[in-house]
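Each remark here refers to the structure printed beneath this line.
The values are calculated or read from the model by the stated rules, or taken from the named source; none is laboratory data. All values derive from a computational prediction rather than experimental measurement. Ideal geometry is used to build each Cβ from the backbone, glycine not excepted, and the neighbour counts take in all protein chains shown. In case anyone asks, the SASA skips ligands and DNA or RNA and just uses the protein heavy atoms, side chains included. Shrake-Rupley method; radii C 1.70, N 1.55, O 1.52, S 1.80 Å.
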Amino acid sequence: MQKIVILLLIIICSQTILSAQQKDTYIKAGLLYDSEQNVLLKNKVIHVKSNKIVSIGTYSTIPNGAEIIDLTAYTVLPGLIDAHTHVLFSQDASEDFSEHSIHSLTMESDAVRTLRGAKRAKSYLDVGITSVKDLGNSGLFLDVALRDAINEGTIEGPRIFASGPIMAATGGQIYGVSPKHQNLIDLEYRIINGVEDAKIAVREHVNQNVNVIKICADNIPNNTHLSIDEMKSIVQTADSYGLSVVAHSITNQSAWNAIQAGVDGIEHGFKLADSTLTLMAEKKVFLVPTENSRAYMEIYGKLAGYDNDDLDWIDSYLVRMRNRLTRAIQKGVAIVAGSDNYTDIGSTRGASSRDMFRAYFEAGMKPLDILQSATYTSALSLNKENEIGVIKSDAKADIIAVKGNITTDFVDTIEQVVFVMKDGKVYLSNLN
Ligand SMILES: [Zn+2]
């Protein structure tokens, strides 16, 4: 008898847990951004169950007595994606990258580094960025550790697509280290020595369960760079494991080489020539333009020690970036939004990262095109276009809401995030 009572209790308890997990929620959206079609739809309902979106309908489809989240006063978007982050790296504007890197590698323990990264990770959720592609400068797979801790629920943060250490030629991006200390570089980069070594490097990364491979096509201002054959070897091996490869590229030549080697995306691409952009469009290689707005650059300039009347270079920087972005769009290159913000400018990392929206807007991109580059197009670049960056049946329930007019007042509206749901769980609900 006692056994039967216990058995009944177990059944009742497990049913209660089941119903809590599989609870139906209906989100009423005044405006809903359809990221695939790049249009805004009026008065839609998103039916969410557990961590997934069941369907999209109209208000009349809501059953009586259903649990409703009322976002009729807001614009509802898929959770945003930042396709270029360094969650485990931070430096001051006045610091030299190389000296700071060596200082961190020798004086910041992995434990402290990861805890600091955990705090930064949470700040992305606060501003509606529910996924990030984290592209190196993260020690020996600390990005993978952070991703796993988030996925298992130990800490809160965005979905992380982790690259592990960047694959690069001799010295990596850390220039000026004497020969006897080159072993320090191996704590931050996977240095590639030839075509066979490139294959081994990819296998090591697969073994550590990375989501994407990041290479440095050039190491400017360190003068070494990977050969086309080494990059080809990385791309082919990565492809055999279903992993995409993205290439950091500052010079036009390195981007050209990386595209010849078959990479999926170019990061930065500050100096891309028209011919290279044409090739990118032909081969469907996406571009992650990691620019910043005027406001950000002015704060950065002052923190870096420039006088107020010594900031003219910001104008030419903005003109150059606008020109490159416009040419890329005209040629038909897919634009994927990425911040690359790792400098401490006095706000949280998440708040700093969304400066990319302001920057793209200032450079002439249309509001909905910017949204698409941070949702659907970004998900496409991850081969996750049915899971994230979209609000449709069977996608993950990564849903946010913003206050304001997204088309006529884009910059302020995208920064007024009032609701954040990731994987069906509500992290922010600041509704009035
Ligand atoms: Zn970067």
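Sort the following peptides by mean Cβ neighbour count (other Cβ atoms within 10 Å, averaged over residues), highest first: 324-334, 245-255.
245-255, 324-334
Could you list, in their original order, any pairs among Lys331/Lys366; Lys396/Lys425; Lys28/Lys366 whose Cα atoms are separated by more than 21 Å?
Lys28/Lys366
Going by amide H atoms built from the backbone, whose H comes under 5 Å of the H on Gly269, apart from near neighbours?
It is Ser249, by chain and number.
Tell me the per residue accessible area of region 302-432 using a 1.4 Å probe; a whole number in Å² is fine. Don't skip to the end; give the middle numbers.
Details: 5730 Å² over 131 residues.
On a per-residue basis, 44 Å².
Could you pull out which residues in region 197-212 have an amide N less than 14 Å from a spot 7 Å beyond the Cα of Asp148, following the Cα-Cβ vector?
Only 205-211 fall inside the zone, counting backbone N under 14 Å.
Report the Cα centroid-to-centroid distance between region 254-290 and region 26-73 in angstrom, as an integer.
Their Cα centres are 38 Å away from one another.
Taking R0 as 22 Å, what FRET efficiency do you get between Ser94 and Asn223 from their Cβ-Cβ distance, rounded to the nearest 0.05?
Here the calculated transfer efficiency is 0.35.
Anything over 25 Å Cα to Cα? Flag those among Lys42/Lys283; Lys284/Lys422; Lys199/Lys271; Lys44/Lys283; Lys52/Lys384, in the order listed.
Long pairs (Cα-Cα over 25 Å): Lys42/Lys283; Lys284/Lys422; Lys199/Lys271; Lys44/Lys283.
If I fit a long axis through the Cα atoms of helix 274-283 and take the longest principal axis of the Cα atoms of the chain, what angle between them do I get, 0 to 90°, rounded to 10?
Once rounded, the angle reads 40 degrees.
Sort region 332-432 into rounded, prolate or oblate with this rule: let a ≥ b ≥ c be the square roots of the eigenvalues of the Cα gyration tensor; rounded if a/c is under 1.5, and if a/c is not under 1.5, prolate when a/b is larger than b/c, oblate otherwise.
Verdict is rounded for region 332-432.
Given the DSSP H assignment, sum -39500 (n - 2.57) over each helix run of at least 4 residues in the chain and divide by its residue total; what's the result at 222 nm in deg cm²/dmol, nearest 500?
Computed ellipticity for the chain at 222 nm equals -11500 deg cm²/dmol.
Among DSSP beta bridges whose residues both lie in the chain, state the antiparallel percentage, nearest 5. Please report the intermediate quantities before stating the final value.
Numbers: 29 of 61 bridges.
Expressed as a percentage, antiparallel bridges in the chain total about 50.
Hand me the chymotrypsin sites (Phe, Trp or Tyr not before Pro) from region 273-330 located in a DSSP loop with no more than 15 other Cβ atoms within 10 Å, in residue order please.
Within region 273-330, no chymotrypsin sites (Phe, Trp or Tyr not before Pro) qualify (loop, at most 15 other Cβ atoms within 10 Å).
Under unit Cβ charges (Lys, Arg +1; Asp, Glu -1), what dipole magnitude, rounded to 20 debye, does the chain have relative to its Cα centre?
Working: 41 positive and 51 negative charges, 292 e Å.
Once rounded to the nearest 20, the dipole reads 1400 debye.
Please list 3J(HN,Hα) in residue order for region 55-62, calculated via the Karplus relation 6.51 cos²θ - 1.76 cosθ + 1.60 where θ = phi - 60°; whole Hz, with x for glycine and proline.
6, 10, x, 9, 3, 5, 7, 6
Please label the shape of region 190-289 as rounded, prolate or oblate, based on the square roots a ≥ b ≥ c of the eigenvalues of the alpha-carbon gyration tensor (a/c under 1.5 means rounded; beyond that, a/b larger than b/c means prolate, else oblate).
prolate
How much length, in nm to one decimal, is gained on full extension between Asn207 and Lys425, taken as 0.36 nm per residue of separation minus their Cα-Cα distance?
Taking 0.36 nm per residue and subtracting the Cα distance, the gain is 75.4 nm.
Measuring from centroid to centroid over Cα atoms, what is the spacing of region 361-389 and region 314-341 in Å?
Distance between centres, Cα-based: 15 Å.
Quick one: pull the percent of accessible area on region 63-159 belonging to carbon and sulfur, 1.4 Å probe, ligands and nucleic acids left out.
Using a 1.4 Å probe with all protein chains present, region 63-159 comes out at 51 percent carbon and sulfur.
What translational diffusion coefficient, in µm²/s and rounded to a whole number, does the Stokes-Einstein relation yield for region 80-353 at 10 °C and a viscosity of 1.306 mPa s, taking the hydrodynamic radius as the Kirkwood radius over Cα pairs?
84 µm²/s
Give a residue-ordered list of calculated ³J(HN,Hα) values for region 91-96 (Karplus: 6.51 cos²θ - 1.76 cosθ + 1.60, θ = phi - 60°; whole Hz; x for Gly, Pro).
With coefficients 6.51, -1.76 and 1.60, one gets 9, 7, 4, 7, 8, 7 Hz.
HN-Hα J couplings of region 136-148 from phi, Karplus 6.51/-1.76/1.60, θ = phi - 60°, integer Hz, Gly and Pro as x?
x, 6, 9, x, 8, 6, 5, 5, 5, 4, 5, 4, 5
With springs only between Cα atoms under 10 Å apart, run a GNM on the chain and tell me which of Ile335, Ile192, Ile62 wobbles the most.
Of Ile335, Ile192, Ile62, the most mobile in the Gaussian network model is Ile62.
Search the structure for amide H atoms under 5 Å from the amide H of Tyr74, placed 1.01 Å from N in the peptide plane, and list their residues when 5 or more places away or on another chain.
Placed amide hydrogens put Gly30, Leu31 under 5 Å from Tyr74.
Please go through region 168-249 and write out the chymotrypsin sites (Phe, Trp or Tyr not before Pro) that DSSP classes as loop and that have at most 15 other C-beta atoms within 10 Å.
Filter output for region 168-249: Tyr241.
Taking the simple approach of a point 7 Å from Cα along Cα-to-Cβ for both Thr348 and Ala281, what is their distance in nm?
Reported label-point gap for Thr348 and Ala281 is 4.0 nm.
How far is it, in nm, from the label point at Leu115 to the one at His181 when both lie 7 Å from their Cα along the line to the Cβ?
Here the modelled spin labels are 2.6 nm apart.
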